[in-house]
Amino acid sequence: MGYLSDMPEIVTVQGDITSQEVDAIVNAANNSLMGGGGVDGAIHRNGGPAILEECRRVRHEQYPHGLPTGRAVATTAGRLKARWVIHTVGPVYSEEKEASQLLASCHMEALKVAEELGAAEIAFPAISTGVYGYPLEEAAEVAMSSVATAPSKISKVRFVLFDGDAYDCYSRAARASA
Ligand code: APR
């Protein structure tokens, strides 16, 4: 009896996460969930006001003090091709072990939320590697190992990298974790 590996298929693509045709895209948000720049800005800009409206409701009903770093919560994806946006808050880079644990938690919590939604395919950006200053190599390693080891029924995980350096780095890390 062969054992079907429960590890999801992991692919890396270079592009804009807001144009991905997957069930759920992950947003690199901040604790306020009230939008920002980078991925956060692109998702709210292209997805439209319905996303922010739902983020306001999430804040009011579930997270009055903000979404803690490492946690994840889903909203509508508004006008985007995806059905859901899963907002997660990455850690600001530090050499402390806690930062990599929080970054791993972003990926595992997002996978858990995606599974609860019934999503089959999810797209991640390079969380924390922009404004939050996480070095690409380190972030890629944490991302791949957490996705590879998270007990999840999500069959396909796509990392969507905006620039060439991030694409090369995450692709190397994906090959290394296969
Ligand atoms: N699609 C895919 N990746 C993107 C896109 C996009 N449209 N725009 C930016 N990126 C990439 C960046 O190049 C970077 O590699 O996403 C990665 C994460 O960068 P940020 O968006 O700056 O996210 P992060 O480093 O986690 O910082 C989060 O930035 O935008 C604010 O509100 C956000 O305060 C929060 C902080």
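The values are calculated or read from the model by the stated rules, or taken from the named source; none is laboratory data. The structure displayed is predicted, hence computed values, not measured ones. In this analysis, Cβ positions are derived from the backbone assuming ideal geometry, glycine residues included, and neighbour counts consider all displayed protein chains. The area values use the complete protein model at the heavy-atom level, side chains included, leaving out ligands, DNA and RNA. Shrake-Rupley method; radii C 1.70, N 1.55, O 1.52, S 1.80 Å.
Brief remarks follow.
- Selection count, the range 70-100, where residues are open to solvent by 50 Å² or more (accessible area, probe 1.4 Å) and either touching a helix residue (DSSP H, G or I) at 6+ places or on another chain (Cβ under 9 Å) or hydrophobic (A, V, I, L, M, F, W, C) (or both): 6
- Filtered residue count, the range 68-111, keeping only those that are in a loop (DSSP other than H, G, I, E, B), at negative phi and not β-branched (V, I, T): 14
- Number of the exception - M108 against (1) free of Cβ contacts under 8 Å to residues at least 40 places away in the same chain; (2) among the hydrophobic types (A, V, I, L, M, F, W, C); (3) open to solvent by 50 Å² or more (accessible area, probe 1.4 Å): (1)
- Considering the range 126-151, and only residues there that are out of contact with any Gly (no Cβ under 8 Å at 6 or more places or on another chain) and open to solvent by less than 10 Å² (accessible area, probe 1.4 Å), the residue that is nearest to the ligand (Cβ to nearest atom) turns out to be A139.
- Look at the range 16-32: where a residue is among the hydroxyl-bearing types (S, T, Y) and a partner is assigned to a loop (DSSP other than H, G, I, E, B), sitting 6+ places away or on another chain with Cβ atoms under 6 Å, you get T18/L80; S32/G66.
- Neighbours by Cβ (under 8 Å, 6+ apart or cross-chain): first from the range 40-60, polar (S, T, N, Q); second buried (at least 19 other Cβ atoms within 10 Å of the Cβ): N46/T18; N46/L80
- Residue within the range 156-172 that is in a helix (DSSP H, G or I), in contact with a Phe, Trp or Tyr (Cβ under 8 Å, 6 or more places away or on another chain) and within 14 Å of the ligand (Cβ to nearest atom) present: yes
- Of everything listed in (1) under 17 Å from E9 (Cβ atoms); (2) surrounded by 19 or more Cβ atoms within 10 Å (Cβ to Cβ); (3) small (G, A, S), the single unmet condition for A176 is (2).
- Qualifying residue in the range 53-67 (condition: in contact with a Gly (Cβ under 6 Å, 6 or more places away or on another chain), outside any loop (DSSP other than H, G, I, E, B) and farther than 30 Å from R175 by Cα): no
- Conditions (1) without any contact (Cβ under 8 Å) to a residue 60 or more places away in the chain; (2) farther than 24 Å from E116 by Cβ; number of the one not met by S146: (2)
- Restricting the range 20-45 to residues that are in a helix (DSSP H, G or I) and surrounded by fewer than 14 Cβ atoms within 10 Å (Cβ to Cβ), the residue that is nearest to the ligand (Cβ to nearest atom) is G41.
- M7 vs. criteria within 15 Å of the ligand (Cβ to nearest atom), surrounded by fewer than 17 Cβ atoms within 10 Å (Cβ to Cβ) and not acidic (D, E): no
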